There are 2 protein chains.
Amino acid sequence: MSLADRVRYPDFLQRVMSADEAAALIPAGANVGMSGFTGAGYPKAVPLALAARIENEHAQGHPFRISVWTGASTAPELDGALAKVNGIEMRLPFQSDPICRNKINSGEMQFSDMHLSHVAQHAWFGFLGHLDVAVVEVAGVLPDGRLIPSTAVGNNKTWLDLADKVILEVNTQVPEKMDGMHDIYYGTAVPPHRKPIPMTHPHERIGEPYLHVDPAKVVAVVHTQQGDRDTRFAAPDAVSQKIASYIIDFLQFEVKQGRLPAHLLPLQSGVGNVANAVLAGLLDSPFEQLTGYTEVLQDGMLDLLRAGKMVSASATAISLSKTALADFTENIDFYRERILLRPQEISNHPELVRRLGIIAMNAMIEADIYGNVNSTHIMGSGMMNGIGGSGDFARNAYLSFFVTPSVAKDGAISCIVPMASHVDHTEHDVQIIVTEQGLADLRGLSPTQRAQRIIDQCAHPDFRPALHDYVARAKKGASGQHTPHLLDEALSWHSRYVKTGSMKLG
Amino acid sequence: MSLADRVRYPDFLQRVMSADEAAALIPAGANVGMSGFTGAGYPKAVPLALAARIENEHAQGHPFRISVWTGASTAPELDGALAKVNGIEMRLPFQSDPICRNKINSGEMQFSDMHLSHVAQHAWFGFLGHLDVAVVEVAGVLPDGRLIPSTAVGNNKTWLDLADKVILEVNTQVPEKMDGMHDIYYGTAVPPHRKPIPMTHPHERIGEPYLHVDPAKVVAVVHTQQGDRDTRFAAPDAVSQKIASYIIDFLQFEVKQGRLPAHLLPLQSGVGNVANAVLAGLLDSPFEQLTGYTEVLQDGMLDLLRAGKMVSASATAISLSKTALADFTENIDFYRERILLRPQEISNHPELVRRLGIIAMNAMIEADIYGNVNSTHIMGSGMMNGIGGSGDFARNAYLSFFVTPSVAKDGAISCIVPMASHVDHTEHDVQIIVTEQGLADLRGLSPTQRAQRIIDQCAHPDFRPALHDYVARAKKGASGQHTPHLLDEALSWHSRYVKTGSMKLG
């Protein structure tokens, strides 16, 4: 497909240039808002060209770094390439790239780990500084200059509105028929001018299918034709299948008790294999007419839609394996009726998450015995990916699940620990913890009641006695009995792992 | 004033009885929803009578405990009396009574510390169990059976709706002219039936002035005439005046930078002396036409209203010193035009806090160098009061301040520590930390950037070198450099305090 078929606003055809030429328009020190959410809809050419330019500048002894703001994670062509050449000063709000992560954890790169629902508004408030440039992938341009979004919406609306200069990457490999699958809400404002967001069910359209941009700001149009990162999922293994089965049993029980409607409430599912397995589990469950209201539409949710188990899904990005992508492209008319992609300030909005009554399911790194959850840090100091939208959903959800296998690193790490080495979700926000060992329903409990339930239901048997022993000794030695801790020992499991490679004693 | 003047629904006059008789209607093991929010509007007679009954039952060897759900904190006549006789099995969602606290920290009583905006909905969802009895203070009953609320609304609407049996305490000492000061919203529902909450400015009425109750459920009416707890405030001292002055300077700077409107945005202020001092500071500031949208209206906000600095204040409770109460009562027609008291699910609602763009100011126990805040726990194990509404406001606010003196216990405790001994507000939710040493603006920073700013701006000079030293050594010894921690040392300051009475070395 030629670029002219997709760029139907004639002026923009005058601004077509190479990625190298476009990258040359980004000054050192700039704050750059890029598209991209969970490996979908990120610019494929300009960041690579910019990385080459930065490498060249550095070779000549010129300092050159930019700050990179996105929707969420991107791909090697963006985060990986720019991190590799030490081109990033400050990264926000989320990343999951191995090179990027290494640079953050070696202290060579700054990272501000934010709730994904906060990013757009903090940019609007001016809290993040001035946005100099936007680099946004789109599927095409309408004759009137409006933009057809790509596979992720993320913060693109905000970047296009706020940036001084805009570079568009028009990706002709994005299916043309995605046109109409997006819902861009232009009703947000800055306080005191905000209005209620007029959505009462998860598949309701509240905006329009296109992004706006002031054409005068568009300094470059770059043609790409390259698919998104292949987001592969492991086939559900025994551990994730068990986790899924506990959740499904629990949901059935809640329906029976009258605490959930028969068709449940809109489902949110975090990124990754376990979350995907839960959705796979729902495929074989008795539930019907499900709905999704989530950040990222992954293979599992697509399967539910295709099978007719789920009637609609709202997300901000669609992040699929190659196989699922083929199905999506082939049956895009079917999916366009059932999928809405929205800005992440809407997909993750606390107002909507609470109103719709989302059932939130998110992965974690570890939970402590009192119900505090660490979603981000390895052994208290090193960053994994970031909090993402887990806090947006968990805090405001109707039901909030946090899931993890009970152990990691072949059993050397217990994912249930005396004290979390970092806290992203406090005891006030964590309702249900699930591992392959079982499910701990923490609603309405005190910390010491939670401890018994978490240890007995969720901890791996290898670590259960030591956890019970910790509680028993803390009940004697702690300075208070509400959340009894032994301060000299609370983080000793993590310390032992760092020193010996195992949390196990001796 | 006679009871008949206040109880104008004739049927209820047939159900007038003594507090002892009413207390006899509460069965052992019951879940009891009581009125009361920050020492305002709590029942004064029935809990005391129930405590006497429980003491008597215990003396006879009969087990007798109830679970007590309220709005927030109450007073000695409720929490103190029931805790003293070991009459409380489970307490939620907040308390601040010394006896209650001791029982929680000795492990004799369970406490579920909840976000105040979550309580009503979790009760509606059925997550807290069945509500057997409501004991609610009101100012009077209309001829049609509707209730005139008292000095706090809290969760009263929910308790009256959900409980099987209702005991009303009609307090004839509550000013009759409070009639009309309340705004009870009956539009909440359980998902999937929720609608947008139709409020766009802080003084907007969205409900009606009265509480509903099914008259058939009212099993007892008890007459009381006793004022609320006298909530005394210390006169602002040098420390709290300094904190206030940093906040006011910062707000002026933000207005100048165009990041805040000239009349600011609605102010939320937590409970206590420092928060009160900030409001006192605003009295002498150049700001005009302020608005308040908060949980508890305290003396400081009343002063702002009287002085004409603040045009309106919304809260769920009015909790005043004796002097302020006298002024409030005397000038109640003036205040009724300017004050709205609402259910706490509305005063603290995430949807509204974000939409209105609240400026949130809350006290804390400690912050760590990376910006995590502990609002609830003493040395990691003992409960102070609870998280209250601080999380409802901080997470969703336009600006979120956390304030504390830099040291406690005559300088033995640093309120800035290497690692918080408990986390209630994560790094993702904490924007600005203020002590009498200075103000640390953390917006857009990475953890290590925050650490420099928090230590330099907020820590007491006595502890600054040790904190810098911790960071310097963690930057060498930690397993990751995003949030560098020394796991064996992170909680050593708290441990040292517990052992030696000081966080200082040697």
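At a 10 angstrom cut-off on C-beta neighbours, averaged per residue, how do the peptides A:198-209, A:150-161, B:487-498, A:130-141 rank from highest to lowest?
A:150-161, A:130-141, B:487-498, A:198-209
Label position 7 Å from Cα toward Cβ: report the copy-to-copy distances for A:P27 in nm, one decimal, ordered from shortest.
With the label placed 7 Å along Cα→Cβ, A:P27 yields 7.5 nm.
Tally Lys and Arg at +1 and Asp and Glu at -1 over the other residues with C-beta under 10 Å from the C-beta of B:K84: what net charge comes out? Display every interim value, and only then the final one.
Numbers: positive: B:K103; negative: B:E55, B:D79, B:D97.
After counting each charged neighbour, the total is -2.
What nm value, rounded to one decimal, do you get for the distance between B:T500 and A:K256 when each label is placed 7 Å out toward the C-beta?
In this crude label model, B:T500 to A:K256 measures out at 5.8 nm.
Pop out the Kirkwood hydrodynamic radius of the protein assembly as shown from its pairwise C-alpha distances, inverse of mean 1/r, in Å to one decimal.
Values: mean 1/r = 0.0342 Å⁻¹.
The answer is 29.3 Å.
Report, in order of residue number, the helices in chain A meeting two criteria: a C-alpha extent of 24 Å or more along the helix axis, and a mean Kyte-Doolittle hydropathy of at least 0.0; treat each whole DSSP H run as one helix. Intermediate values should be presented prior to the final figure.
Working: long enough: A:238-256 (27 Å, 0.54).
Length and hydropathy pass: A:238-256.
Computing the accessible area with a 1.4 Å probe over protein heavy atoms, can you report the carbon and sulfur percentage for chain B? Walk me through the numbers before you get to the answer.
Working: 8180 of 15790 Å².
With neighbouring chains kept in place, the figure for chain B is 52 percent.
For A:V255, which inter-copy label distances result when the label point lies 7 Å beyond Cα on the Cα-to-Cβ vector, reported in nm to one decimal and in ascending order?
5.6
Gap in Å between the Cα centre of the range A:378-416 and the Cα centre of the range B:322-366?
Between the Cα centre of the range B:322-366 and that of the range A:378-416, the gap is 36 Å.
Counting residues in the range A:3-224 as N, plug N into 2.2 N^0.38 Å and put the Cα Rg over that result. Mind showing how you got there, number by number?
Working: Rg = 16.9 Å, N = 222, 2.2 N^0.38 = 17.1 Å.
Rounded to two decimals, the normalised Rg is 0.99.
Let me check I've understood the local charge: for A:G39, count other residues with C-beta under 13 angstrom from its C-beta, Lys and Arg +1, Asp and Glu -1. What total comes out? Intermediate results must be reported in sequence, preceding the final value.
Numbers: positive: A:K44, A:R229, A:R232, A:K322; negative: A:E77, A:D79, A:D97, A:E137, A:D228, A:D230, A:E295, A:D299.
Net of charged neighbours comes to -4.
What percent of all Cα-Cα pairs in the range B:168-305 falls into each 5 Å bin, going from 0 up to the bin containing the maximum distance?
2, 8, 12, 15, 15, 14, 13, 11, 6, 3, 2, 0
How would you rank A:65-77, A:402-414, highest first, on the average number of other Cβ atoms within 10 Å across their residues?
Numbers: A:65-77: 25.7, A:402-414: 20.1.
Order by mean packing, descending: A:65-77, A:402-414.
Compute the separation of the alpha-carbon centres of the range A:436-502 and the range B:167-213 and state it in Å as a whole number.
Going from one Cα centre to the other spans 42 Å.
Report the Cα-based extents of chain B along its three principal axes, largest first, to the nearest Å.
Extents along the principal axes, in whole Å: 75, 57, 46.
Determine the shielding of peptide A:381-392 by partner chains: average, over its residues, the number of Cβ atoms on other chains within 10 angstrom of each Cβ.
Other-chain Cβ atoms within 10 Å of each residue's Cβ, averaged: 3.
Using only alpha-carbon positions, what ratio does the radius of gyration of the range B:269-352 give when scaled by 2.2 N^0.38 Å? Mind dumping the intermediate values first?
Details: Rg = 12.1 Å, N = 84, 2.2 N^0.38 = 11.8 Å.
So the range B:269-352 has a normalised radius of gyration of 1.02.
Please list the radius of gyration and Dmax for the range B:58-188, considering alpha-carbon atoms only, with Å as the unit.
Cα-based Rg and Dmax for the range B:58-188 come out at 15.7, 48 Å.
At a 1.4 Å probe, which residues in the range B:153-193 are at least 40 Å² less accessible with all protein chains present than in their chain isolated?
B:P191, B:P192
If you average the alpha carbon positions of the range B:228-260 and of the range A:1-51, how far apart do those two centres end up, in angstrom?
After rounding, the separation between the Cα centres reads 47 Å.
Between chains B and A, what is the buried accessible area summed over both chains (1.4 Å probe, protein heavy atoms, nearest 100 Å²)?
Working: alone 19250 and 19240 Å², together 31560 Å².
About 6900 Å² of accessible surface is lost on pairing.
What net charge do the residues around A:M199 carry, taking every other residue with its C-beta under 13 Å from that of A:M199, with Lys and Arg at +1 and Asp and Glu at -1?
Numbers: positive: A:K195, A:R205, A:R342, A:R354, A:R355, B:R194, B:K195; negative: A:D183, A:E204, A:E345, A:E351, B:E351.
Taking every Cβ under 13 Å from that of A:M199, the sum is +2.
In nm to one decimal, list the spacings between the B:A408 label point and its equivalents in the other copies, with label points set 7 Å along Cα to Cβ, shortest first.
3.2
Using only Cα atoms, figure out Rg for the range B:238-500 and give it as a multiple of 2.2 N^0.38 Å.
Working: Rg = 18.9 Å, N = 263, 2.2 N^0.38 = 18.3 Å.
For the range B:238-500, the normalised Cα radius of gyration comes out at 1.03.
Counting alpha carbon pairs within less than 8 Å and at least 6 residues apart, what relative contact order, in whole percent, applies to chain A? Present the calculation step by step, with values, prior to reporting the outcome.
Numbers: 1191 pairs, mean separation 67.5, N = 506.
13 percent.
Peptide A:104-115: average number of partner chain Cβ atoms within 10 Å per residue? Display every interim value, and only then the final one.
Values: counts 4, 7, 3, 8, 1, 3, 7, 5, 10, 7, 3, 4.
Partner Cβ neighbours, averaged per residue: 5.
Keeping all protein chains in place, calculate the accessible area per residue for the protein assembly as shown (probe 1.4 angstrom), answer in Å².
Numbers: 31560 Å² over 1012 residues.
Counting only protein heavy atoms, the per-residue value for the protein assembly as shown is 31 Å².
Which whole number gives the average, over all residues in B:489-500, of C-beta atoms from other chains lying within 10 Å of the residue C-beta?
Values: counts 2, 9, 8, 2, 1, 5, 6, 1, 2, 6, 3, 0.
For peptide B:489-500, the averaged partner shielding equals 4.
Tell me the accessible surface of A:R473 in square angstrom (1.4 angstrom probe, heavy atoms of protein chains only), to the nearest ten.
Rounded to the nearest 10, the figure is 90 Å².
Determine, for each peptide in A:313-319, A:375-381, A:17-23, the mean count of other beta carbons within 10 angstrom over its residues, then list the peptides with the highest first. Each step should come with its number before you reach the end.
Details: A:313-319: 28.1, A:375-381: 24.6, A:17-23: 18.4.
Going by the mean number of other Cβ atoms within 10 Å, highest first, we get A:313-319, A:375-381, A:17-23.
The values are calculated or read from the model by the stated rules, or taken from the named source; none is laboratory data. The shown structure was predicted, so the numbers you read here are calculated from the model rather than taken from an experiment. Cβ: placed from backbone, ideal geometry, glycine included. Neighbour counts: every protein chain shown. Areas reflect the complete protein model, heavy atoms only, side chains present, ligands, DNA and RNA absent. Shrake-Rupley method; radii C 1.70, N 1.55, O 1.52, S 1.80 Å.
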